[in-house]
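Before any comments, here is the structure.
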Amino acid sequence: MKLTGVELRRISMPLVAPFRTSFGVESTRDILLLRAVLSGSSGPGGSAGESEGWGECVALSDPLYSAEYVDASVDVLKRFMLPRLFSREHVDGAAVGPALAAFKGHWMSKAVIETAVLDAELRAAGRSFARELGATRDRVPCGVSVGIHDSVGALLESVEGYVAAGYVRIKLKIQPGWDLAPVRAVRERFGDDLLIQVDANTAYTLQDARHLARLDEFGLLLMEQPLPEEDVLGHAALAKLIQTPVCLDESITSARTAAAAITLGACSIINIKPARVGGYLEARRIHDVAAANGIAVWCGGMLETGIGRAANVALAALPGFTLPGDTSASDRYYKTDITEPFVLSGGHLDVPAGPGIGITPLPSELAAVTTGTEWVAG
Ligand code: SMG
Ligand code: MG
């Protein structure tokens with residue numbers, strides 16, 4: 001197959017409610033979607049000819065979660081990544097990562113093009129993304145990530161709604177000044193059976209270890225990324241000082257960094273976000289490294305539309321994903337999704353079973369939120 005062209009489409013998606021973390025507030029997502037067109041495909045599910053696939057770039061507008069941001073993603077794709085892929089006679093999903101390996105970092109940009117090419121390849125062959133990755137389940141248990149609120153009362157009201165909707169675990173965003181009180185309040189209100197975890201998005205330092213140890217009494221499932229991205233040794237030290245299991249998110253950018261973090265004792269659980277590690281194939285390698293070391297993994301989220309969600313849910317169906325993911329239903333994020341919505345049923349989402357990621361944007365919904373499109377010819 002040859003990559004003949006790519007459509008870069010920007011969409012603007014207002015969230016149902018602002019989502020506040022230790023690094024900022026998201027109110028409207030400015031998202032880059034990528035549609036890859038490949039020629040020369042043939043297979044049982046498609047006639048020889050053209051095939052197209054979709055990917056969603058999860059980079060935020062500002063470089064606050066990590067170094068990446070959406071305008072930079074457009075730039076690095078157009079300036080470096082796409083020309084390199086266009087120059088190759090043969091491109092398929094497995095070839096994208098190696099072809100782009102010389103470019104440092106830019107994991108989210110690598111992930112979006114790899115996912116779109118993989119989707120096109122699998123659609124042409126009539127194979128599902130989930131099956132291709134090695135999924136063993138057809139539905140996955142879902143958690144929900146709850147942002148920082150203006151008051152504990154408002155937080156309890158939000159959590160109440162999510163628990164009533166059936167989410168099987170609650171993740172509370174924390175930061176200095178918003179940690180012990182909200183966690184205590186949620187634990188007291190909803191009881192010991194509710195699965196609760198926290199995520200600090202790097203807001204603390206190792207100096208805060210004694211303070212963070214005060215969360216031990218609440219029986220949390222895990223504490224996600226309390227310290228800076230580069231502070232892997234700090235996480236290893238912290239893990240010895242607190243009882244709550246340490247989970248890494250931002251620090252894990254590859255299977256190699258995952259192996260190092262595990263060896264150093266920096267985490268006993270990993271949040272796998274495919275876009276943070278360059279794509280679903282590297283995500284699967286992290287899953288495999290973790291499984292070989294007895295480390296539990298779960299699938300993270302970046303406020304995706306149905307396009308990104310479809311692929312995440314497929315990944316979350318692999319056997320090592322033993323904890324509920326941040327793979328919430330469409331209506332937790334958007335009033336109207338650009339695909340058929342993902343609907344929570346008994347705390348689970350169904351894994352799409354059709355060819356490729358199994359879902360495509362609805363033309364009218366997509367048009368309604370599009371702010372610009374650009375065709376990049378190979
Ligand atoms: O997609 O439900 C979701 C969001 C999950 O909390 C979430 N993501 O650090 O894990 C994380 C954050 C990063 C994105 S915040 C805008
Ligand atoms: Mg996180």
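The values are calculated or read from the model by the stated rules, or taken from the named source; none is laboratory data. Nothing here was measured: the structure is a model prediction, and the numbers come from that model. Cβ coordinates were reconstructed from backbone atoms using ideal geometry, including for glycine residues, and neighbour counts include every protein chain displayed.
Exactly one residue out of ALA154, ALA125 is of a type in the set (A, V, I, L, M, F, W, C) and free of Cβ contacts under 8 Å to residues at least 12 places away in the same chain, and it is ALA154. Where strands (runs of 3 or more DSSP E) fall wholly inside the range 1-87, the ranges with 3 or more residues that are among the hydroxyl-bearing types (Ser, Thr, Tyr) and out of contact with any Asp or Glu (no Cβ under 9 Å at 6 or more places or on another chain) are 24-43. Of all residues in the range 267-289, which are among the small types (Gly, Ala, Ser), buried (at least 24 other Cβ atoms within 10 Å of the Cβ) and more than 15 Å from ligand 1 (Cβ to nearest atom)? Result: GLY278, GLY279.
Taking the stated definitions as given, is GLU304 crowded, with 19+ Cβ neighbours inside 10 Å, more than 13 Å from ligand 1 (Cβ to nearest atom) and in contact (Cβ under 8 Å) with a residue 60 or more places away in the chain? It is false that GLU304 is crowded, with 19+ Cβ neighbours inside 10 Å, more than 13 Å from ligand 1 (Cβ to nearest atom) and in contact (Cβ under 8 Å) with a residue 60 or more places away in the chain. The one condition from (1) over 18 Å from the mean Cα position of the chain (by Cα); (2) surrounded by fewer than 16 Cβ atoms within 10 Å (Cβ to Cβ); (3) within 16 Å of ligand 1 (Cβ to nearest atom); (4) not polar (S, T, N, Q) that ALA367 does not meet is (3). Filtering the range 168-182 to residues that are away from ligand 2 (no atom under 16 Å from the Cβ) and buried (at least 17 other Cβ atoms within 10 Å of the Cβ) leaves VAL168, PRO182. Scanning the range 170-199 for residues that are away from ligand 1 (no atom under 16 Å from the Cβ), of a type in the set (A, V, I, L, M, F, W, C) and part of a helix (DSSP H, G or I) yields LEU180, ALA181, ALA185, PHE190.
Yes or no, residue by residue, for (1) small (Gly, Ala, Ser); (2) within 16 Å of ligand 2 (Cβ to nearest atom):
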residue: ARG79; (1), (2): no, no
residue: ARG88; (1), (2): no, no
residue: ALA99; (1), (2): yes, no
residue: ALA111; (1), (2): yes, no
residue: ARG127; (1), (2): no, no
residue: LEU133; (1), (2): no, no
residue: GLY143; (1), (2): yes, yes
residue: ALA154; (1), (2): yes, no
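Based on what the data block shows, is ALA261 among the small types (Gly, Ala, Ser), modelled with pLDDT of 95 or more and either within 16 Å of ligand 2 (Cβ to nearest atom) or over 16 Å from GLY294 (Cα atoms) (or both)? Yes: the conditions hold for ALA261.
Taking the listed residues TYR167, TYR162, the one that is part of a helix (DSSP H, G or I), of a type in the set (Phe, Trp, Tyr) and over 30 Å from LYS78 (Cβ atoms) is TYR162, with no other qualifying. Among the residues of the range 294-313, is any more than 14 Å from the chain's Cα centre (by Cα), more than 16 Å from ligand 2 (Cβ to nearest atom) and at pLDDT 95 or above? Scanning the range 294-313 turns up at least one residue that is more than 14 Å from the chain's Cα centre (by Cα), more than 16 Å from ligand 2 (Cβ to nearest atom) and at pLDDT 95 or above.
Take the residues of the range 237-252 that are more than 12 Å from ligand 1 (Cβ to nearest atom) and buried (at least 18 other Cβ atoms within 10 Å of the Cβ): which is nearest to GLU68 (Cα to Cα)? Residue satisfying both the conditions and the ranking: VAL246.
If you go through the range 196-236 and keep only what is more than 16 Å from ligand 2 (Cβ to nearest atom) and either of a type in the set (Val, Ile, Thr) or touching a Lys or Arg at 6+ places or on another chain (Cβ under 8 Å) (or both), you end up with THR205, PHE218, GLY219. Read through the list (1) more than 30 Å from PRO63 (Cβ to Cβ); (2) touching a residue at least 24 places away in the same chain (Cβ under 8 Å), then give the number of the only condition that ILE113 fails. For ILE113, the failing item is (1). Taken across the range 200-212, residues that are part of a loop (DSSP other than H, G, I, E, B) and without any contact (Cβ under 8 Å) to a residue 24 or more places away in the chain do not occur at all.
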